[in-house]
Each structure stands twice: as structure tokens, then as C-alpha cells.
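A short write-up of the structure that comes next.
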Amino acid sequence: MTRGSRALVVLLGATALLVVVAVVSLFAGSKDTGLTDVLPVLAGGGDEYVQAVVDSRVARTALGALVGAALAASGVIVQGITRNPLGEPGLLGVTVGASAAVVTATAFFGFTGGGATVWVALPGAAVAVLAVVTLGRRSGSESVVPLVLAGAVLSAVLGAYIQAMVLARPDVFDSYRHWVVGSLAGADLQTLQAVAPAAIAGAVLALVLASSLDSLALGDELATSLGVRVPLVRGAGIAAATLLAAAATAAAGPVAFVGLAVPHVVRALVGTDHRWQLPVSFVLGAALLVAADVAGRVVARPGELMVGVVTAFVGAPFLLAAVRRGRVTT
Amino acid sequence: MTDTTAASHTAPGTTARGLVADDLEVGYGPTTVLDGLNLTLPAGAFTAIVGPNGCGKSTLVRTLARTLRPRRGAVLLDGRPLTAWRPKQLAQQLAFLPQDPVVPDGVTVRSLVARGRHPYHSPLRQWAPGDDEAVAHAMDVTGVTALADDPLAELSGGQRQRAWIAMTLAQDTPHVLLDEPTSFLDLAHQIDVLHVCRDMRDQGRTVVAVLHDLNQAARYADHLVVMHEGRVHAEGTPDAVLGGDAGARLVGDVFDLACEIATDPQSGTPMVVPLARA
Ligand SMILES: Nc1ncnc2c1ncn2[C@@H]1O[C@H](COP(=O)(O)OP(=O)(O)O)[C@@H](O)[C@H]1O
Ligand SMILES: [Mg+2]
């Protein structure tokens, strides 16, 4: 079987998995609503309370799929551009940027979280990535080391700021500690509508760049001779990764491990070709995040485990399995 | 304009089809490596660039492949400066294999060769018609079809080099530039690669390779360019450049090596035989 047809099988399999977990996500939850309760609602009737539950589950499932798809694809792009197998969206400053913005808004502007978090976190992430790219730019240098270092520096500085605020201000601590783990508990359609444009723009940009990213992996010199405008493609790749990760982080907080682990799983399945890695990472990332969210709702009944906690627990063995197969590659 | 398949050499001065370096000044930071270099690469021929370490061979081919920008002068392809070409159109004309290309982790031979097709892709067309045929043909010609699904990192040096050459072949360009394609290969694989270069030439391509072995260059190439300290010291057919006493003097001047010139018993081309130490 050639790589292409194998990748197609993987893509179809991941799609089937996504459909299954999405359906399960509509039915399963911390509130016990069985098949007989939910089906009438989906048919457009049923009990009012159950209807509200199902509505929120639809939004939650859709948002979970968006967050998982966006984080996974963002991780694929970042690992490819930085040629760093430990790359993840946080490397560019997305996570700390969003977090610092949320903390600042809470501490100084009386921000109390909720749906408006998106409008705080999105610009925070964008500003942080711009700062990293500006600091890490060295003209004529092929190395991405300056970029990675700039990301590390900004993460350290903003991390210290966040710690200081959280320790000094109990009110900040209270709202921040829920947001920072990553959770879909407050998911609603407004949040979905707010982040979808950024996520879709990032996804389209990523797909359009796929073949160029494959060439870029061969080094700047070969990429140039293959007709790639190297600075343009690298910049557009960073923009795509930022749009995706910022949308995800704004929607659900910094969900751990998806952006790091899913790309490794995807490469183990379909190889190093971005034209396959990206579509598969969208679908598989979505399926895995929705599955993690379902698991979080089911295992801790009547309460629920935040999805960020579940992905950290589940992501680790996935990554380990990929490592042990010797397929950790960029 | 000459016929694409003819291996005729374009005389200097004619409106040149193919690659021409016009008064190149190229350097890195404050250092200047090439200063006022002029060169016309004969279209449809196999040209070998030779010269001592550090004389600027890689700098020249990088500039010819537009991965390095000249400070002065220009490289012309079919009479048009490289900077005036759209990147992908140029990449459909000119393929380049650098001296030490980056091997992406985990990439398979097929995936590597397929990347040579990038010039034919566009944002809305990530796969182009003809990709599969071009990739299969390139792997076939270089003998790596059986290795298609093997990771590049697990291949021997000779196999890996053939995979890289397959990638430049998949690019399907009339001009191919190779920087030291035979270095670090054992003798059999060196000869193997030189035959691939000749085959490419026989298909009507212009092939330019930086080579270290003067005897191989003389035997396999149609045209020799001898570089010394950032300049073209001599160029012409192997016989004209390396033959006879003049050839021995040239090797003495450029490589600082005392030698006599013999005749290759197989091909009849000049063969450099270093003198025994007195
Ligand atoms: N990337 C670079 N940065 C700075 N100097 C370089 C670089 N590449 C080559 N040089 C210098 O340019 C000169 C010519 O190098 P090069 O073209 O690689 O020679 P060759 O390929 O003939 O061995 C050498 O002195 C080398 O040190
Ligand atoms: Mg060199």
C-alpha cells in the first residue's frame, strides 16, 4: 500500500472515530440522560430541561472539536517550521500571551471571565507572538534558534508576571486557576462563533501552505531552489499556527499536550508529508479532544474533570507510545 | 537559439540559451569570494567545476542556483536575470542539490523525491497531475524504487545520494546543478553517480557538477571549469584544459601539485598522475 492510500485510510478512520465520539458526547455526560431522553430532543421536541442539556452539549462538542483540531494542526506547523520535535504552539508565546492578558484584565479591569474571555485572550496571544517573532528575527539567518529562544524568554518573563499577579490577588487566582487548566465546561455557541473565524482562517492558510512546508523542511537553500519564498512561507506558517492556537486557547484555556502529542501520533500514522499531516491532525485532534472531554464528564460523575487534566493524563501515554515506536520525528 | 537536444556548445557572445554568469561579485559579510566572474555554461552539456578547497566552487553554484544573491553582476537564464523570474517558474527550469542538504527526520525516499514536485504545485493545487509519474520515473532512473518506503536516514551514503538526485530529477528541469554529488561515496558509487549525470545529459539536460576528482571530471564531463581563488582559471574540453604539458602546468599552478599527464587507458582522456616524491 502506498503512503498516499495508507494516509487516506487513516484519514477515513479518524473521521469515523470523530463521528463516533461526537455522537457519544451528545448522549453521555455528568447528567444522566439516556438515549430515550435525548432522541426526542434531536427530533425537535422532548423535555425542556433535557433540551437545554443537549443544546449545551452540541455547543460543547463542536467547540471541543474545534479546539482539538486547531491545537493539533498548530503543533504540526510549529514542529515543522522549527524542526523541533518538542515544538508546540506555546513555543511561539500563544499560551503565555493569552494567559497574561486574562490575568491583566482580571486584576486591573474587573474582568470576571465567561464568554468575553475570547476577546481578551485572542489579542493577548497575537501580541505575544508578534513580540516573539520581532525579537527572534535575525536577518539572513537560516536558524530558527533565535525564534525559539525569544519564545522561551517571553514565556519566562510573562510566566513570572502571571505568578506574581496570581499570588498577590486572590480574586485573580480564583478565576484564573479554572481557566488555566483548560476546560470546555462554559462552552456556548457565542464562544464558538467568536473563535471560529480565526480558527478557519488559520486552517485554510495551513492547508494552502502544506506543499511549501514540505519543501521548507529540506532547509532554506533547497526550499529556495524549489521555488519557495522562504521568509513569506515561514511568516505565513507562524501566522497560521498562531491563529489556530490562539482561537483554541481563547475558547478553552491552555489545554495541555494536544499540540505536542497529536502531531507525533499523526506522523507515526501518515509520515512526514504535510499535505497529509495537516488534514489528519485536524480530524484526529478533534476526535481525541472530544473523547477526552467525554471521559472527563463520565469518570467524575456527578462532577466533571476538566478536559485539560484529561489530555495531560491521556496525552502522556500517547506520546510515550510514539516515542517507543521510534517514530518521533519532525 | 539552438535545438534543446543538441549537445552543441554555445559560443561565447551569442545570445545565450542556458546559464550565464555576468561579472559576478559574491561574498559573505565582509569577505568577497567571487570577484568579477564571467562564465557561460554550455547548454546540453555536462560541465564539471573543479578547483582546490575554498576556491569558491560552492559559492558559484549557490549563486547560479539563486540561493545566494550576488552583490554585483547577475546570473542570466535564457537571457533573463534570475531575479526577474517568478520563483516557481525558475524552479521548473533549474534544480540544485546543495553540498550537505538537511535530512528531515523520518522522511522516506518516496516522500523526499515527491518534494521535488513543489514547483508544479500552487496554493489551491497541492498535488499536480504528473506528480506520481515523475516521482516513479525519477526513482526508477536512479535505482531507488525498491527503497521507496525506507527512511532516508537508514540508507547507505550511496543510496541516499541517489535519492537526493532522484529528487532533483523529479523536479524535471532542463538545468541541474549538483554540488559535490560524489564526495563521501565509495568508488563504485561515485562512478554510478557520474553515469547518472551523463544519462541526464543524454536526455538533453544541462548538467553542472562540482567534482573533486580531476580524472573523473576529465573522463565523464564534456566541459571543464577550473576555478582558483574565486576566478575561472581555465575552461574548455578536458583535452584542451588538462592535456599535455599545459595541463601539468595548470595542475601545478592551481592545486600546487607536481604531476605528469597520462592518458586514461579506457577513455583516452587526460589523467593526472602525481609525481613520486624525490
Ligand atoms: N556561509 C558562509 N559564510 C562565510 N564564509 C563562507 C561561507 N561559505 C563559504 N565561505 C567562505 O567562502 C570561501 C569559498 O568557499 P566555498 O565556495 O565553499 O569553496 P569550495 O566549495 O570551493 O570549497 C571560503 O573561504 C569559505 O570559508
Ligand atoms: Mg564546496
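For beta carbons closer than 8 Å, sequence separation of 6+ or different chains, a first residue in the stretch A:296-317 that is free of Cβ contacts under 8 Å to residues at least 24 places away in the same chain and a second that is in a loop (DSSP other than H, G, I, E, B) and surrounded by 14 or more Cβ atoms within 10 Å (Cβ to Cβ), the qualifying pairs are A:296/A:304; A:296/A:305; A:296/A:306; A:299/A:305. Taken together, the residues in the stretch A:101-110 that are surrounded by fewer than 24 Cβ atoms within 10 Å (Cβ to Cβ) and touching a residue at least 40 places away in the same chain (Cβ under 8 Å) amount to 2. Here the condition is being away from ligand 2 (no atom under 16 Å from the Cβ), closer than 28 Å to residue B:255 by Cα and away from chain A (no Cβ under 14 Å); of B:84, B:74, B:45, it holds for B:45 alone.
Residue B:114 meets the conditions (1) more than 8 Å from chain A (Cβ to nearest Cβ); (2) of a type in the set (Gly, Ala, Ser); (3) touching a helix residue (DSSP H, G or I) at 6+ places or on another chain (Cβ under 9 Å) in every case but one. The failed one is (1). A single member of B:67, B:63, B:59, B:83 is more than 21 Å from residue A:215 (Cα to Cα) and hydroxyl-bearing (Ser, Thr, Tyr), and it is B:59. Taking the conditions exactly as written (within 16 Å of ligand 2 (Cβ to nearest atom) and more than 22 Å from residue B:254 (Cβ to Cβ)), does residue B:98 satisfy them or not? Considered against the rule, which asks whether it is within 16 Å of ligand 2 (Cβ to nearest atom) and more than 22 Å from residue B:254 (Cβ to Cβ), residue B:98 comes out as yes. Inclusion of residue B:149 among residues that are more than 16 Å from ligand 1 (Cβ to nearest atom), of a type in the set (Asp, Glu), at the interface with another protein chain (Cβ under 10 Å from one of its Cβ atoms) and closer than 18 Å to residue B:106 by Cα is warranted. Scanning the stretch B:199-219 for residues that are farther than 17 Å from residue B:165 by Cα and either crowded, with 17+ Cβ neighbours inside 10 Å or away from ligand 1 (no atom under 15 Å from the Cβ) (or both) gives B:213, B:214, B:215, B:216, B:217, B:218, B:219.
Scanning the stretch B:38-67 for residues that are within 18 Å of residue A:227 (Cα to Cα) and more than 16 Å from the chain's Cα centre (by Cα) yields a count of 0. Does residue B:60 satisfy the condition of being modelled with pLDDT of 95 or more, under 27 Å from residue B:29 (Cβ atoms) and away from ligand 1 (no atom under 16 Å from the Cβ)? No: the conditions fail for residue B:60.
The values are calculated or read from the model by the stated rules, or taken from the named source; none is laboratory data. All values derive from a computational prediction rather than experimental measurement. Note that we place each Cβ from the backbone using ideal geometry, even for glycine, and neighbour counts take in every protein chain shown.
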